[in-house]
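Take a look at the structure set out below.
Every number in this text was worked out from the coordinates using simple rules, so none of it is lab data. Not measured: the values here are computed from a predicted model. Methodologically, a virtual Cβ is constructed for each residue, glycine included, from the backbone with ideal geometry; neighbour enumeration extends over all protein chains shown.
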Amino acid sequence: MARMVQQLVARIVAITAEAQDPAQIAGIGVEALFDAFEERGAARLAAWLELTGESRRLTLVREAVREVIAARMSTDVSVSAESMEDFILASISIALGVGLFGATLSVLLGKPEARARDVALALLRDRLAAAISKGPR
């Protein structure tokens, strides 16, 4: 889990250094988060840690979030650190759900497997666009 989190943070920080548009940076970062939870088994591992009472091992997530926010704040202050943290909190919560049940629920509802992911990403992009248009609070 630690390795997955570190790799994800490194990818998001690299995106921050390369891209200029805040929405693009966050959008790519969120997609990387969803990829990690869906493809690399992070959702299952996080759920297992929570269900077995071992979620205290996830304290590295706090440091990862702080690192991502610091990287973003160093290049762009169009959104407050608090708003970024809330966006990351929502993104992780939603990505965890999609990683665990998204494909199954989509199929059960007669939708393509990726439908839950697509809907979740659209919701997060809309929220991000709204936050960026308001500016720092």
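Size descriptors for the range 1-75: radius of gyration and Dmax over Cα atoms are 13.1, 41 Å.
Send over the Kirkwood Rh of the range 71-120, from the inverse of the averaged 1/r over different Cα pairs, rounded to one decimal Å. That comes to 12.4 Å for the range 71-120.
From the P(r) of the chain, could you give the percentage of C-alpha pairs in the tail past 28 Å?
On the way: 1608 of 9316 pairs.
Summing the P(r) of the chain above 28 Å gives 17 percent of all pairs.
Take 45-55, 28-38 and order them by the average number of nearby Cβ atoms within 10 Å per residue, most first; the result is 28-38, 45-55.
Give me the number: length gained by fully extending D118 to W48, i.e. 0.36 nm times residue separation minus the C-alpha to C-alpha distance, one decimal in nm. Can you show the working numbers first?
On the way: separation 70, 0.36 × 70 = 25.20 nm, distance 2.51 nm.
In short, 22.7 nm is gained.
Calculated mean residue ellipticity at 222 nm for the chain: -25000 deg cm²/dmol, from DSSP H runs with n ≥ 4 weighted as -39500 (n - 2.57), summed, divided by the residue count and rounded to 500.
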